[in-house]
Every structure is written in structure tokens, then in C-alpha cells.
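Novice: Got a structure for you, questions after.
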Amino acid sequence: MPSPVLLVVAHGSRDPRHAATVHALVERVRSLRPGLRVETGFLDFNAPSVPRVLERLAAEGVRDVVALPLLLTRAFHAKADIPAVLRTAPPVLRIHQADVLGPSPLLLSALERRLHEAGLDAPHKRSTGLVLASAGSTDPEAIAVIANVARELRHTGWCAVRPAFASASLPRTEDVVRALREEGWARVAVAPYVIAPGRLPDRITAGAREADVLADVLGPAPELARLLLERYEEARVGRPVAATA
């Protein structure tokens, strides 16, 4: 029996960098699991759409799909948008919705990788104030997850880690950068807790103008690719959200 197809469900963006980054991440996943079929679908702005991919898979005779939200927290898209789209899938498909990516130690490792690439090594942790900058959400569960990630980063040796948000929630990146500077930290760094470039990540970049270091988005980090496969394996044994007619 063939393995379920992995369908990576991305939000989509008018910014072409977003789709390019998503495709680069998916290619890395394929390189880690050459025998696994991996497809990409977008909720908005980009093609192919999730419904179009599901229709094509059903027409090709595929019967089992793991739909994996390319999201770091469980907010509106994971709780409402994606399940609603999956419920419109052709009834011949058995679809398992994977969990969102966060929280996970692999995401912490990816953040550390991006900070290292930006020039911050372990000895800098004790003299650097770190801003964990996420897209933001009105969902209390998602906000709590970001706060927990900041706490986990502190446990890895960073003495000051503060969350910031590009939308919906406060404080903003620039406010936290200034606050850390006023606390007397010799260096202030911003770590975007986002997967791909776009409008909200650009707000993070703008808010980091007064910081000393700005890390890159998580993008196709190898830890992120491994995490996608981890979530795929967890989901394939669960109950499908759309059963065979």
C-alpha cells in the first residue's frame, strides 16, 4: 500500500518571495524522503489552490493524503480555514490533517541556526537581548505558545528574551528593541519566528532597524524540513477528517 501523499498547506501571499520560500522548503523535504510524494497547495493568492490539488490527486487515483498546515501556531487558519477547505475535498480521499509545526525543539534549533548565521554564537547569548518576533494573532492559545517559546529560548542560555508581534497583538518589534536597549544590553538581536517572507515579516524587518542583528526567516532550514516529516508521520496513523464515500 503506498504511503499517503504529503500535502503542505501554505497560506500564500502576494509577495513572490513567500511562494519561492515555501517551494524551497518542500524541495528540502523531498530530498530527505525521496520516495515520498510531496505536493504544495495554497489557501490564497498563489497557485495551485488546495482544492485544485486535492481534485487532481483524486483524479490520479490517490486515496490517502496527509494535509500539513505550514503554520507555527494553532490559530484561526489551523482551527477554521484549513478544516473547512479539507471538508470540500473529493469524497474518495481519506485526509488526515497534521498538527501545526509548533511548538517543537526543532523550531528552537532552527531559530538558533538563523541567529548563528546572522553572526551570534553561544558566547554572545549572555550579553544579547533577544526579540522573538512573530506575525501575531488574536488567538490566546497562539499568544501563549509564543510566550512559551520565549521562555524555552531563555533556558538555552539567552538571558533576556522578549516576544513581539507584527500585527493583532502588542508589543511591536521596535518597542521591544528599545526596551531591551534601555535595560542596558550590549547587543540587541531580532529573531523572526516566521516561515517565509511577506507583508508581516517585512514589518518585523522595519521594526528591527535599531537592532544590532536581524536573523533571517526560518525558510527551508533543515530542522524545519525534518519537522514537517515528523508531523507527517504523527498524522498518518490518526483518524481521517474526510472518509471514503
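The values are calculated or read from the model by the stated rules, or taken from the named source; none is laboratory data. Everything numeric here is computed off the predicted structure, so don't read it as measured data. Quick reminder, even Gly has a Cβ in these numbers, built from the backbone with ideal geometry, and neighbours come from all protein chains shown. Heavy atoms of the whole protein, side chains included, go into the accessibility calculation; ligands, DNA and RNA do not. Shrake-Rupley method; radii C 1.70, N 1.55, O 1.52, S 1.80 Å.
Novice: Can you work out which of the residues in segment 171-207 that are in a loop (DSSP other than H, G, I, E, B) and either over 12 Å from residue 134 (Cβ atoms) or of a type in the set (Ser, Thr, Tyr) (or both) is most open to solvent (accessible area, probe 1.4 Å)?
Specialist: Of the residues in segment 171-207, the ones in a loop (DSSP other than H, G, I, E, B) are 171-172, 183-186, 193-198.
Filter once more, so that each one left must be either over 12 Å from residue 134 (Cβ atoms) or of a type in the set (Ser, Thr, Tyr) (or both): 183-186, 193, 196-198.
On the way: 183: 98, 184: 60, 185: 61, 186: 82, 193: 7, 196: 11, 197: 23, 198: 5 Å².
Ranking the candidates gives 183 first.
Novice: From the residues in segment 97-110 that are buried (at least 17 other Cβ atoms within 10 Å of the Cβ), in a helix (DSSP H, G or I) and not small (Gly, Ala, Ser), which one is nearest to the chain's Cα centre (by Cα)?
Specialist: 107
Here is a yes/no grid of residues against (1) under 20 Å from residue 101 (Cα atoms); (2) in contact with a Pro (Cβ under 6 Å, 6 or more places away or on another chain); (3) not polar (S, T, N, Q):
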| site | (1), (2), (3) |
| --- | --- |
| 118 | no, no, yes |
| 124 | no, no, yes |
| 129 | no, no, yes |
| 135 | yes, no, yes |
| 142 | yes, no, yes |
| 159 | no, no, yes |
| 166 | yes, no, yes |
| 170 | no, no, yes |
| 173 | no, no, no |
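Novice: Answer yes if at least one residue in segment 111-124 is aliphatic (A, V, I, L, M), crowded, with 16+ Cβ neighbours inside 10 Å and under 21 Å from residue 196 (Cβ atoms), and no otherwise.
Specialist: Yes, there is a match, as at least one residue in segment 111-124 is aliphatic (A, V, I, L, M), crowded, with 16+ Cβ neighbours inside 10 Å and under 21 Å from residue 196 (Cβ atoms).
Novice: In segment 157-170, how many residues are open to solvent by 60 Å² or more (accessible area, probe 1.4 Å) and of a type outside the set (A, V, I, L, M, F, W, C)?
Specialist: Final tally of qualifying residues: 1.
Novice: Taking only pairs six or more apart or across chains, which ones have beta-carbon atoms under 8 Å, a first residue in segment 218-245 that is at negative phi and at pLDDT 90 or above, and a second residue that is aromatic (Phe, Trp, Tyr) and crowded, with 16+ Cβ neighbours inside 10 Å?
Specialist: From segment 218-245, the pairs are 218/193.
Novice: A follow-up question, please. Six or more apart or on different chains, Cβ under 9 Å: which pairs go from a residue in segment 14-29 that's closer than 10 Å to residue 70 by Cβ to one that's among the small types (Gly, Ala, Ser) and assigned to a helix (DSSP H, G or I)? Could you list them?
Specialist: 25/225; 26/225
Novice: While we're on this one: So for segment 218-229 (the condition being in contact with a strand residue (DSSP E or B) (Cβ under 7 Å, 6 or more places away or on another chain), within 29 Å of residue 46 (Cα to Cα) and not basic (Lys, Arg)), does at least one residue qualify?
Specialist: yes
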